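Enquirer: Here you go, one structure.
Each value in this text was obtained by applying a stated rule to the coordinates, not by laboratory testing. None of the values given here were measured: they were computed from a predicted structure. Positions of Cβ are generated from backbone atoms using ideal geometry, with glycine treated the same way; all protein chains shown enter the neighbour counts.
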């Protein structure tokens, strides 16, 4: 693996946060295996927040992961929060599959322990989930990166090439994760833009609703997947199928007037 050329990326306490707050978790308790199956399917389908319970040969083995998590005494803690180690990959599986540019300006991809793109926090009591949120800790998913050069001067970097590969998957992941959470619980949802940047009309330059903008528009992975070259396609997207019930999510959108 080549060195990661991430000198323009910035880490922050939080750039954005998506929070899910559960009122009643009986349905989740009674259907925990189905929840685990769908949660794993989403994380592996998009390569975002990959599960951390791994062994040497199973980083992408959904059947092994499903069996391991469902056998746990603290299913949700292991599934949502715990960090694990893979001797085969020699990396922590804690964040996501990410495309990046190496020192030769070539696009490649990896799971890397040094890229802590997300923070994950949950209020869990056994298999009872009170709240769960993921926070974006880096600007690496924005199509324009704000940073400083060696002279201390502010510079803006066009990151849209990588945003098409990564941010589209993040948008699809956020959408499906939110639908999943609403499917299993009578819950509330909140999005927080912790790093606001507005244009002269007062509109966010980074977000549209809960999704990240790419050159001013919201794109999902299915919008651009067929346009990508084979080496830049994240293959689990087409290999993993997951059925989500968006009934409760649509009710929430209607009541909140959201997107």
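Enquirer: Given a Förster radius of 51 Å and the C-beta distance between residue 26 and residue 224 as r, what FRET efficiency does 1/(1 + (r/R0)^6) yield to the nearest 0.05?
Expert: Rounded to the nearest 0.05, the efficiency is 0.80.
Enquirer: Could you state, as a whole-number percent, how many of the C-alpha pairs of the stretch 14-256 are farther apart than 33 Å?
Expert: Counting pairs separated by more than 33 Å, the tail of P(r) holds 18 percent.
Enquirer: Most exposed first by the Cβ proxy, i.e. fewest other Cβ within 10 Å, how do 232, 195 rank?
Expert: Ranked by crowding around the Cβ, least crowded first: 232, 195.
Enquirer: Same structure again: Run the numbers on the stretch 14-256 and let me know its relative contact order in percent, using alpha-carbon pairs under 8 Å that are six or more apart.
Expert: Once normalised by length, the contact order is 27 percent.
Enquirer: Describe numerically, in nm with one decimal, the distance between label points set 7 Å from Cα along Cα→Cβ at residue 110 and at residue 217.
Expert: With each label placed 7 Å out from Cα toward Cβ, I get 3.4 nm.
Enquirer: For the pair residue 71/residue 121, report the inter-label distance in nm, with labels modelled 7 Å from Cα in the Cβ direction.
Expert: Distance between the two pseudo-spin positions: 3.3 nm.
Enquirer: Now for a separate question. What list do you get for 218, 36, 155, 242 if you sort them by fewest beta carbons within 10 Å?
Expert: 155, 242, 218, 36
Enquirer: Taking the Cα atoms of the stretch 183-259, what is the range of coordinates along each of the three principal axes, in descending order and whole Å?
Expert: Reported extents, whole Å, longest axis first: 39, 37, 19.
Enquirer: Right, something else. Evaluate the distance, in nm, between pseudo-label points positioned 7 Å from the Cα of residue 34 and of residue 254 along their respective Cα→Cβ axes.
Expert: 2.1 nm
Enquirer: Rank these for me by crowding, 221, 207, going from fewest to most other beta carbons within 10 Å.
Expert: 207, 221
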